[in-house]
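Right, one structure below, let's go through it.
Each value in this text was obtained by applying a stated rule to the coordinates, not by laboratory testing. Note that the coordinates shown come from a computational prediction; the quantities given were computed from them, not determined experimentally. Cβ sites come from the backbone with ideal geometry, for glycine too, and all protein chains shown count toward neighbours.
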């Protein structure tokens, strides 16, 4: 008999606020905004969604649209490469629809300016070669949601026009474990009871990584001809991806090893692990700092904390 269960972890994403796990502050803000919009029979307030990658900003945008019962128009900031792209996005929205621009800090300043002017004037101006000159087209009363990992990459006038600022936090292990268990149930994937916390411990406080690891576990499970996802499947999935018990990959472990002899400057560490300094500072270091494994001294040198040294010692003395 063919297994008809969904095969992708995103096939059962939540569509209601009551189904969201974690981000209680954000959920509370959105709940109040939705109730106010319903009471006044108006659109959802313009909102800025701020937080690290993979924390659920796009998911909340989808849930707001579902709760409002309106259309959702989504685009990446870097895909808006000309005035026609921006105008088409704005003109395509109906009253109370949501426009969601993800990675909005990637919008050129010219288009950020055009965006807040369009919000103020409720119109776009199209150039025309005809004698009548430029054509002004009114916009419907849509809501704008801007998601970003770098709020200060946005022009202040655009930030100021957002009535809500939703700040997304990293998840606790307990919240991630609950999320993994919830998604497994929704997908109809049998998951061993002890597995969600183990996945959560390796997910760096990030739902996207937790669900990606759940997907990897199921891939191993099905490849082995089994149906219940177990700890053995997690062990195999982590081995394939090079992940350790706290979610560090090979590059992060190389970074820690590079500091074993003492404090070093960013460019030295970057050279040792073969990556550009900017990549190291923006991609590799944030989790290592947040997890308390490294710190920066007053001269900007990187060094291991006591926890970082203990981790290296533990690995040197035996298997993980």
Over 14 Å [Cα-Cα, segment 1-88], rounded percent: 73 percent
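Please report 192, 19, 233 as a ranked list, fewest other C-beta atoms within 10 angstrom at the top and most at the bottom.
Result, fewest neighbours first: 19, 192, 233.
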Order of 172, 305 - criterion: other Cβ atoms within 10 Å of each residue's Cβ, fewest first: 172, 305
Could you tell me how many degrees, from 0 to 90 and to the nearest 10, lie between the Cα long axis of helix 231-241 and the main elongation axis, the longest principal axis, of the Cα atoms of the chain? 80 degrees
Please determine, in degrees from 0 to 90 and to the nearest 10, the orientation of helix 306-317 with respect to the longest principal axis defined by the Cα atoms of the chain, where the helix direction is its Cα long axis. 50 degrees
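Which value in Å is the Kirkwood Rh of the chain over different Cα pairs? Numbers along the way, then the final one.
Values: mean 1/r = 0.0447 Å⁻¹.
Value: 22.4 Å, from the Cα pair sum.
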Where only C-alpha atoms are counted, convex hull volume of segment 250-317 per residue in Å³: 81 Å³
Under the Debye formula (equal points on every Cα, no solvent term), log10 I(q)/I(0) of segment 175-320 at q = 0.09, 0.11, 0.18 Å⁻¹: -0.33, -0.48, -1.00
Just the Kirkwood number for segment 173-241, please: inverse of mean 1/r across all distinct Cα pairs, in Å, one decimal. 11.5 Å
For segment 23-167, what is one quarter of the convex hull surface built on the Cα atoms, given in nm²? 8.5 nm²
Taking the 0 to 90 degree range and rounding to the nearest ten, how far is the long axis of helix 109-121 tilted relative to the main principal axis of the chain, both from C-alpha atoms? 50 degrees
Based on other C-beta atoms within 10 Å, arrange 278, 253, 42 from fewest to most. 278, 42, 253
So what does the Cα-only Debye profile of segment 113-181 read at q = 0.16, 0.26 Å⁻¹, as log10 I(q)/I(0), no solvent term? -0.75, -1.16
Dimensions in Å of segment 87-215 - Rg and Dmax from alpha carbons: 21.1, 72
